[in-house]
Amino acid sequence: MRSFLSFHVKPPPGVGAREVADLARPWLGGEGLGAYLVPDWPWVSLYLEALEAQEDPQAVLAFLEELSRLGEAVAFLVLNEEDLLFARAEGGEIKTLLTRGEELGERAFGLDEALALALEAPPVAAVMRAAGVLGLHPDHAALGFLDLLEADEEEGLPEDVLYLEGA
């Protein structure tokens, strides 16, 4: 069963992939760990190997709060295709949160009607539907670090995808 974690930020004009990369570097983890950064304006998507491997909702929310200092930011965490965490943050504060499933428990606040409806679906479909509501590419939302690593090894990635390596 597949698990994945993706982050997405909508930086303001003048802030781009470089600033997102700079913010992410301290979160990369140890040597050999990395991240993929995928610009898809107005969003920049980020896939962090260390956080995906941890599967720790508190670490996900902590990074999302930090990322949201650059602009509106969202995170999607799916565990074993059964558990879902969706969060949206702005200005360093979580504004919207939904957790669902045995491992994550049931919690929700700040959902508008469109997001609530989108997130009622099974976890992977919910991620893709919520991405559509947010104007984010659904395929980018339903990917994780390991998905991109596999694609990179098999067929290569588009030139605009950046790989950040931990120290």
- Task: Note the listed values (i) 25, 20, 13; (ii) 23, 18, 15; (iii) 33, 14, 13, then indicate which one is semi-axes √(5λ) of the Cα gyration tensor in Å calculated from this particular structure.
- Result: (ii)
- Message: Could you compute the net charge surrounding L33? Neighbours are other residues with a C-beta less than 13 Å from the C-beta of L33; K and R count +1, D and E count -1.
- Response: -3
- Which value, in debye to the nearest 20, describes the size of the charge dipole of the chain about its Cα centre when Lys and Arg Cβ atoms bear +1, Asp and Glu Cβ atoms bear -1, and nothing else is charged? 680
- Count the net charge of all other residues whose Cβ sits under 10 Å from the Cβ of G92, scoring Lys and Arg as +1 and Asp and Glu as -1. -3
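Every read-out reported here was derived from the displayed coordinates using simple, explicitly stated rules and does not represent laboratory data. In this text the structure is predicted, and so the values were computed from the model without any measurement. Note that we place each Cβ from the backbone using ideal geometry, even for glycine, and neighbour counts take in every protein chain shown.
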